[in-house]
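S.K.: Handing you this structure, nothing more for now.
The numbers here are math on the coordinates, done by the rules we state, and not lab data. Computed from a predicted model, the values in this text were never measured in an experiment. For neighbour counting, all protein chains shown are included, and Cβ atoms are generated from backbone atoms with ideal geometry for every residue, glycine included.
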Amino acid sequence: MKKVSIAEPVTELRHIKIVECGEPLVDYLELCPKLVRTERFFDYRYETVVRESVARKLCAAAKVLPKSYRLGVLEGWRPHHIQRRMYLRTWNRFKKIHPEWSDVQLKRVVNRYTAPMNDRVPPPHSTGGAVDLFLLDKDLVELDMRSPYEFMDRKAFHTEVPGLEPHVQENRRVFIEAMLAGGMTNYPSEYWHWSYGDQGWAYRTGAKHAIYGVTEPPNYSPDQRDVSDAPVQLVETRLQ
């Protein structure tokens with residue numbers, strides 16, 4: 001049996017063929033009122049569309065959650081111009097930390113944290129098959145998924161993390177069980193990132209091919225304030 005890496009490297013994903021099924025993007029908030037749109041992390045307009053099957057699976061996950069929980073969606077489909085700016089942010093951050101690194105070294109590390117623009121291996125969010133989510137309480141307050149780790153501490157990013165506080169372990173258990181019941185698969189390097197139909201999903205499940213490639217909503221028009229060569233910036237209210 002082939003060994004699966006939790007990093008899901010591009011060198012592995014590029015061998016997975018994409019056979020586009022043509023499924024449309026839909027507004028997940030319209031399809032499933034149980035879903036909640038969470039606060040932004042970065043300073044750009046977040047779209048509320050995903051592939052139809054993904055929206056239905058999210059709705060199924062939201063329905064199996066205990067009544068005291070809600071499923072918060074941060075982001076589904078993401079346009080290319082935003083993906084490029086996110087990649088630039090990660091590149092600049094590591095370049096500042098390690099000015100001695102060559103571009104080859106930088107690329108190798110940056111690619112682990114932000115998907116590069118790649119026609120053969122498109123960023124998961126650009127396919128409409130990937131979504132970032134969080135668990136909320138009944139008052140729509142985001143629940144703790146990382147203590148005792150600090151906000152944005154990368155040691156807490158993996159789905160399986162040692163040393164989490166008991167209430168955090170319980171929150172993650174509830175979250176993961178609901179998502180799996182809904183039919184989504186998790187990128188194990190990021191507990192919040194789930195997908196269906198993209199190359200990551202095919203890699204995790206052993207599917208013969210992915211069914212979602214790069215897509216875009218009909219008549220899509222970006223917010224002109226987001227069309228920039230500058231890296232995205234964190235929203236100040238999320239710096240907690």
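S.K.: Working carefully through the options Glu170, Glu150, find the one that is farther than 15 Å from Val54 by Cβ, part of a loop (DSSP other than H, G, I, E, B) and acidic (Asp, Glu).
M.R.: On inspection, the qualifying residue turns out to be Glu150.
S.K.: Moving on to the next point. Output yes when any residue across region 48-62 is under 28 Å from Tyr220 (Cα atoms), of a type in the set (Asp, Glu), touching a helix residue (DSSP H, G or I) at 6+ places or on another chain (Cβ under 8 Å) and surrounded by fewer than 22 Cβ atoms within 10 Å (Cβ to Cβ), and no when none is.
M.R.: Taking every residue of region 48-62 in turn, at least one turns out to be under 28 Å from Tyr220 (Cα atoms), of a type in the set (Asp, Glu), touching a helix residue (DSSP H, G or I) at 6+ places or on another chain (Cβ under 8 Å) and surrounded by fewer than 22 Cβ atoms within 10 Å (Cβ to Cβ).
S.K.: Conditions: (1) touching a residue at least 40 places away in the same chain (Cβ under 8 Å); (2) touching a strand residue (DSSP E or B) at 6+ places or on another chain (Cβ under 7 Å). Asn171 meets all but one. Number of the miss?
M.R.: Of the numbered conditions (1) touching a residue at least 40 places away in the same chain (Cβ under 8 Å); (2) touching a strand residue (DSSP E or B) at 6+ places or on another chain (Cβ under 7 Å), the odd one out for Asn171 is (1).
S.K.: Contact list please: Cβ distance under 7 Å, first residue in region 96-117 and closer than 15 Å to Gly200 by Cβ, second residue of a type outside the set (A, V, I, L, M) and part of a loop (DSSP other than H, G, I, E, B), pairs at least six apart or on different chains.
M.R.: The qualifying pairs are Ala115/Pro123.
S.K.: Another question, if that's okay. Report, by residue number, each residue of region 129-141 that is among the aliphatic types (A, V, I, L, M) and either buried (at least 22 other Cβ atoms within 10 Å of the Cβ) or out of contact with any Lys or Arg (no Cβ under 7 Å at 6 or more places or on another chain) (or both).
M.R.: Ala130, Val131, Leu133, Leu135, Val141
S.K.: Residue check, Val110 against (1) crowded, with 17+ Cβ neighbours inside 10 Å; (2) in a loop (DSSP other than H, G, I, E, B), all met but one. Which one?
M.R.: Among (1) crowded, with 17+ Cβ neighbours inside 10 Å; (2) in a loop (DSSP other than H, G, I, E, B), the lone unmet condition for Val110 is (2).
S.K.: Quick one: would you say Leu180 is in contact with a strand residue (DSSP E or B) (Cβ under 7 Å, 6 or more places away or on another chain), outside any loop (DSSP other than H, G, I, E, B) and surrounded by 14 or more Cβ atoms within 10 Å (Cβ to Cβ)?
M.R.: no
S.K.: Let me ask something else about it. Output the residue which, of all residues in region 92-102 that are in a helix (DSSP H, G or I) and out of contact with any helix residue (DSSP H, G or I) (no Cβ under 9 Å at 6 or more places or on another chain), is surrounded by the most Cβ atoms within 10 Å (Cβ to Cβ).
M.R.: So the residue we want is Asn92.
S.K.: Can Ser126 be described as under 20 Å from Gly72 (Cβ atoms), crowded, with 21+ Cβ neighbours inside 10 Å and of a type in the set (Ser, Thr, Tyr)?
M.R.: So Ser126 fails the test.
S.K.: Within region 1-13, does at least one residue satisfy the condition of being polar (S, T, N, Q) and surrounded by fewer than 20 Cβ atoms within 10 Å (Cβ to Cβ)?
M.R.: Taking every residue of region 1-13 in turn, at least one turns out to be polar (S, T, N, Q) and surrounded by fewer than 20 Cβ atoms within 10 Å (Cβ to Cβ).
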